[in-house]
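The values are calculated or read from the model by the stated rules, or taken from the named source; none is laboratory data. If you're wondering where the values come from, they're calculated on a predicted model, not measured in any experiment. All Cβ positions, glycine included, derive from the backbone under ideal geometry; neighbour counts span all protein chains shown.
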Amino acid sequence: MKAASVQLDHLTKSYGGMVVVDDLSVDVEPGRITGFLGPNGAGKSTTFRLIMGLDRPTSGRALVDGRPIADWPEPGRKIGAVLSNQCAHPRRTAYDHLRWVGELLDVPAAQCREMLELVGLESVATAKTRTFSLGMMQRLALATALLGDPEILLLDEPMNGLDPEGMAWLKEMLEQLRERGRTVFVASHLLKEMEDLADDLLIIAHGKVVESGTMTEIVGRYEQSWVSVRSDDAARLGDLLQAGGAELLGPARGNKLKVSGMSLAAVSAVAREHDLSVLELSVVRDLSGVYQAVTQDRSEIRGREHRQ
């Protein structure tokens, strides 16, 4: 089956004079995981609702494989979405919820049971969803989105409520979907969640694209890194490193230094030359610098009058 892609063509949405999505023109490529990053209130959830046809754009278009989602005869087999983990009536069981959705998608009962097993909820299939934890509801929401075996998956903060084991499981599942050629579009406000998952990154603030490209390109452009070194004589080592042109990032903490402007090998060489012990030596990458650099002064929600 051919994987689909999402095209946003000058997509704009305003509410009461506040522009929430502002002239987005983006292609989300098939067979890749695209991270959709931005501060809370940046317009990520609204963009997903526009793609799903749940809101109408003020101007522009959101296309799914070249057509609005409403033009596809079976939208649930084209796109599966997790827009909220509150996906089921609290008095329904997990299985009954999937059967109800399965009827709409013409999915057999056996496939509903298989989906509960896939997301790790088979043991609570007959439990009322009101008893579910946040992480369990997140798994049920994902099962609902995947039930129609969609070509595109839209996930809004899918790791919210998952424990570390659940996060690892979700990443593995999304990687498998990518290998099957699916389009995976994942919204988050946490870059760390995207670091080892996304192939491409789209960053927005105030509804506008502020950066886009592959994860490698963007991280390489903005990433900060330093050498962390721990020594029994950190004060003397720090003086020697500064004399050699390095910069210390803040004062020593105990016997640990943060060193910028000098490679790990060069730090090690200075310590050896002066017979100073090195108890720990590593390169530390700071991904928060990427996010801060591209969203600086844009984290607060601000509105402006929209003019078509």
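Within segment 43-69, residues that are within 14 Å of Thr183 (Cβ to Cβ) have Cβ atoms under 6 Å from residues that are of a type outside the set (A, V, I, L, M, F, W, C) and part of a loop (DSSP other than H, G, I, E, B) in these pairs: Ile69/Gly53, counting only partners at least 6 apart in sequence or on another chain. Residue count for segment 191-239 under the criterion of being hydrophobic (A, V, I, L, M, F, W, C) and surrounded by fewer than 15 Cβ atoms within 10 Å (Cβ to Cβ): the result is 1. Pairs are defined by a Cβ separation below 8 Å, a sequence spacing of at least 6 or placement on different chains, a first member in segment 274-286 that is polar (S, T, N, Q), and a second member that is surrounded by 11 or more Cβ atoms within 10 Å (Cβ to Cβ); the pairs so defined are Ser277/Ser231; Ser277/Asp232; Ser277/Asp233; Ser277/Ala271; Ser282/Val227; Ser282/Ser228; Ser282/Leu264.
Okay, residues lined up against (1) closer than 19 Å to Asp27 by Cβ; (2) modelled with pLDDT under 90:
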position: Asp156; (1), (2): no, no
position: Glu165; (1), (2): no, yes
position: Glu175; (1), (2): no, no
position: Val184; (1), (2): yes, no
position: Met194; (1), (2): yes, yes
position: Ala198; (1), (2): yes, no
position: Val219; (1), (2): no, yes
position: Gln224; (1), (2): no, yes
position: Arg230; (1), (2): no, no
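In segment 95-117, the count of residues that are within 17 Å of Phe48 (Cβ to Cβ) and not polar (S, T, N, Q) is zero.
Has segment 166-181 got any residue that is assigned to a loop (DSSP other than H, G, I, E, B) and either buried (at least 17 other Cβ atoms within 10 Å of the Cβ) or of a type outside the set (Asp, Glu) (or both)? So far as segment 166-181 goes, yes, one or more of its residues are assigned to a loop (DSSP other than H, G, I, E, B) and either buried (at least 17 other Cβ atoms within 10 Å of the Cβ) or of a type outside the set (Asp, Glu) (or both). Among the residues making up segment 196-219, a single one is in a helix (DSSP H, G or I) and out of contact with any strand residue (DSSP E or B) (no Cβ under 9 Å at 6 or more places or on another chain): Thr216. The set of residues in segment 104-120 that are part of a loop (DSSP other than H, G, I, E, B) and touching a Leu at 6+ places or on another chain (Cβ under 6 Å) comprises Val107, Val119. If we scan segment 65-73, do we find a residue that is modelled with pLDDT of 90 or more and buried (at least 18 other Cβ atoms within 10 Å of the Cβ)? Yes, some residue in segment 65-73 is modelled with pLDDT of 90 or more and buried (at least 18 other Cβ atoms within 10 Å of the Cβ).
Total residues in segment 123-153 satisfying the condition of being surrounded by 15 or more Cβ atoms within 10 Å (Cβ to Cβ) and without any contact (Cβ under 8 Å) to a residue 60 or more places away in the chain: the figure is 13. Count of segment 70-110 residues, restricted to those that are small (Gly, Ala, Ser) and free of Cβ contacts under 8 Å to residues at least 12 places away in the same chain, is 2.
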